[in-house]
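No lab work stands behind these numbers, since they all come straight from the coordinates. Worth saying up front: this structure is predicted, and the values here are computed from it rather than measured. With ideal geometry, Cβ positions are generated from the backbone for all residues, glycine too; neighbour counts draw on all protein chains shown.
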Amino acid sequence: MPQRARHFAPRAGTPSARTAGLVIGVFMSTFGAAAFASPSLIDDDVARCQQDPRFIVGGAAIGDCLLEISETVDTEISARLTEGAARYCLDEDRSDYLRSQEDWEVYRTRLCDLVQRSPDNTPSWINGAACRLELGRQRLTSLIYTNEYGNARCAPGMRPPP
């Protein structure tokens, strides 16, 4: 078996190895390590919740803890939205930017409520909370990317409103 894996893996210094390294490097610098580490983040959060005396009882309290972490992420999302909306000169662009958040909130609520009520027990409560947290982190990553790489349409001499 090790022989087979070695056969298919690109050798260091070969063009395919350099290309693979470049692709991974670009992806990591664009989206950050969190793009790869996301599932373990929830596991780490659950472990921290289990150590927190307020949630040590476990069970549904773990879901409450995850929701508390999610609220922190939501606060950061709000800050990034304010920052991002301020970049746009045209009312239509600002409106579209903010509307995307409204649409995302509807999406997250529907999806995570579905997880939570299927079958509407303690594990599904925890899974619903994890869903909200995970989707919140994904949204935050998306906003950071959009704010950094999105270019506002401004006429020459036009500036975003203060």
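The share of alpha-carbon pairs in the range 54-94 lying farther apart than 17 Å comes to 52%. Quick one: go through the range 77-118 and flag any residue whose amide nitrogen is under 17 Å from the point 7 Å out along the Cα-to-Cβ line of residue 153. 85-100, by backbone N distance to the label point.
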